[in-house]
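See below for the structure under consideration.
The values are calculated or read from the model by the stated rules, or taken from the named source; none is laboratory data. Everything quoted here is computed from the prediction, not taken from an experiment. With ideal geometry, Cβ positions are generated from the backbone for all residues, glycine too; neighbour counts draw on all protein chains shown. Surface accessibility is based on the protein's heavy atoms, side chains included, excluding ligands, DNA and RNA. Shrake-Rupley method; radii C 1.70, N 1.55, O 1.52, S 1.80 Å.
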Amino acid sequence: MKRGPAALLDLPINALGGLGAVATVLLVGITFVTVIWRYVLGQPIYGIDDIAKMTLVATVACSLAYGARRHAHVKVDILDKVGGRNVTRFTDIFARLIGIATLAFTAKAVAVKGSCGLLCGNATADLTIPHMPFYMLLAAGFSLYALVLVLELVAGLRAWSEPRDPHEEQ
């Protein structure tokens, strides 16, 4: 069983990942129903685009930190091949610090934008679904992703003299 900050972070990340999986299945179902209704029955469903867009936002928001924690995001390790660990020690720190700053800034901006709610017109066009819960979900996803990068930064600094960063693929 894992212990420490990583274990504490895994609980909300896994919960969001599960919510993201449900949102993905829901999005597939919405898309299927939309196609059947529009092209087979010739009757587009009013407001279905609003529901699909908000479901897609939930899918993305819930997948950010989950994918980062499991190293599922696409990455290209050119610097490792060119300069080896002597170069990537520094570039990893730089990249993670930029990532942390960007994600923290984005999380704050999204939370501030979302907190205004319906008064600022933050709602979908057809069904007036408020954006606030989806903005807050995005803020949570960005924040958790930033925390994942903080953990990776600390682990990378601890393994400074090791031949590989603990978060690099073999």
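A few comments on the model shown:
- Selection status of Thr102, open to solvent by less than 50 Å² (accessible area, probe 1.4 Å) and on the phi < 0 side of the Ramachandran plot: no
- Some residue of segment 74-89 being closer than 30 Å to Asp49 by Cα, in contact (Cβ under 8 Å) with a residue 12 or more places away in the chain, out of contact with any strand residue (DSSP E or B) (no Cβ under 9 Å at 6 or more places or on another chain) and assigned to a helix (DSSP H, G or I): no
Residues are listed down the side, and each one gets a yes or a no for (1) small (Gly, Ala, Ser); (2) more than 23 Å from Met132 (Cβ to Cβ); (3) within 20 Å of the chain's Cα centre (by Cα); (4) modelled with pLDDT of 95 or more:
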site: Lys2; (1), (2), (3), (4): no, yes, no, no
site: Ala23; (1), (2), (3), (4): yes, no, yes, yes
site: Val28; (1), (2), (3), (4): no, yes, yes, yes
site: Phe32; (1), (2), (3), (4): no, yes, no, yes
site: Ala95; (1), (2), (3), (4): yes, yes, yes, no
site: Phe105; (1), (2), (3), (4): no, no, yes, yes
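- Among the residues of segment 42-52, some residue qualifies, meaning at least one is of a type outside the set (D, E, K, R) and touching an Asp or Glu at 6+ places or on another chain (Cβ under 7 Å).
- Among the numbered conditions (1) closer than 23 Å to Phe142 by Cα; (2) assigned to a helix (DSSP H, G or I), the only one that Tyr39 does not meet is (1).
- Cβ pairs under 7 Å, 6+ apart, first in segment 117-139 and over 28 Å from Ala65 (Cβ atoms), second open to solvent by 70 Å² or more (accessible area, probe 1.4 Å) and aromatic (Phe, Trp, Tyr): Asp126/Tyr46
- For segment 42-73, filtering for residues that are in a helix (DSSP H, G or I) and in contact (Cβ under 8 Å) with a residue 24 or more places away in the chain leaves 20.
- Verdict on Leu16 being assigned to a helix (DSSP H, G or I), touching a residue at least 40 places away in the same chain (Cβ under 8 Å) and of a type outside the set (D, E, K, R): yes
- Within segment 111-168, restricting attention to residues that are assigned to a helix (DSSP H, G or I) and of a type in the set (Ser, Thr, Tyr), the residue that is most open to solvent (accessible area, probe 1.4 Å) is Ser115.
- Selection count, segment 13-67, where residues are of a type in the set (A, V, I, L, M, F, W, C), within 30 Å of Leu149 (Cβ to Cβ) and open to solvent by less than 50 Å² (accessible area, probe 1.4 Å): 11
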